[in-house]
Amino acid sequence: MGHTVRNLALLAALVAAWQPSSALADNDDTQLWQFVFLTGDLDKDTRLTVDASQRWREEARGGEQQTLRLTIEQTIAPGVRIGGGGAVFDAGGLTEIRPHQQIVIGRGRFELRTRLEERFFDGADRMELRLRQRIQYNQPLRNGWRASIGAEWLGLLQDRSAGRGSSTEQWRAQAGLAYKVSDRLELGANYWMIAQPRGGQPARYTHVPQTVMTFRF
């Protein structure tokens, strides 16, 4: 286990240290996110997941952020789950409350997720409504290792600011590696690239190395 943990720590450090040349541009930044997940079955068809994260970001990107989210899902057919929950996001004393509803469809090693989020911000004109569409592929490897790649589109159906219409908020690309330490513990490291379109201006890119710890009960 010690060798595996060192390998994951080294992978996370290398990803954190690596920045494409475009990351030197004013429109780019690098963040570090650390996730902890607690997940398990409440009964044979119901799953509970609680996740928390610490996100280190530049002050220009909103400063450090802490998150806490709860999701309950029900299996309604083979490979199909529906569910919902809510989350609290806090950064610099400003709070976002975010209920969500979702459907997840698994087909072989592919997983498709559609999530609708209602976002309530301190001082905003109104609730923001966001739709998220994600596809992910998971590839089992040898000796407890697993690799994954994925992509996600995040679109605003209703902006928090009155007078603004719908728009694409983000595109995300993800690659990750995880190791199953035991039946209850998995450790992983991911890299996300987040692209934020800005109309006629150049897109903003965020590079996000992540560490992930998942406990199963």
TODO: Assuming a ≥ b ≥ c are the square roots of the Cα gyration tensor eigenvalues, decide whether the chain counts as rounded (a/c under 1.5), prolate (otherwise, with a/b larger than b/c) or oblate.
DONE: oblate
TODO: Tell me what the chain gives for mean residue ellipticity at 222 nm when only DSSP H runs of n ≥ 4 count, each as -39,500 (n - 2.57), the sum divided by the residue total, rounded to 500 deg cm²/dmol.
DONE: -2500 deg cm²/dmol
Task: Rounded Å value of the spacing that divides the Cα centres of region 63-87 and region 178-214 - done: 18
- [ ] Please give the per residue accessible area of the chain, computed with a probe of 1.4 Å over protein heavy atoms only, in Å².
- [x] 55
TODO: Could you look at the chain and say what percent of its accessible area is carbon and sulfur, using a 1.4 Å probe and all protein chains?
DONE: 59
TODO: Let me know the longest stretch in the chain that avoids all trypsin sites (Lys or Arg not before Pro) found in a DSSP loop with at most 15 other C-beta atoms within 10 Å.
DONE: 45-108
Task: Solvent accessible area, Å² - Tyr137, 1.4 Å probe, full protein context - done: 60
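Which order do Glu58, Glu96 take when ranked by solvent-accessible area (1.4 Å probe, heavy atoms of all protein chains), largest first? It would help to have the intermediate numbers written out before the result.
Numbers: Glu58 85, Glu96 10 Å².
Of Glu58, Glu96, the descending order of accessible area is Glu58, Glu96.
The values are calculated or read from the model by the stated rules, or taken from the named source; none is laboratory data. As the structure is a prediction and not an experimental result, all values here were calculated from the model. Please note: Cβ atoms are built from the backbone with ideal geometry, for glycine as well, and neighbour counts cover all protein chains shown. Ligands, DNA and RNA are excluded from the accessible area calculation, which covers all protein heavy atoms including side chains. Shrake-Rupley method; radii C 1.70, N 1.55, O 1.52, S 1.80 Å.
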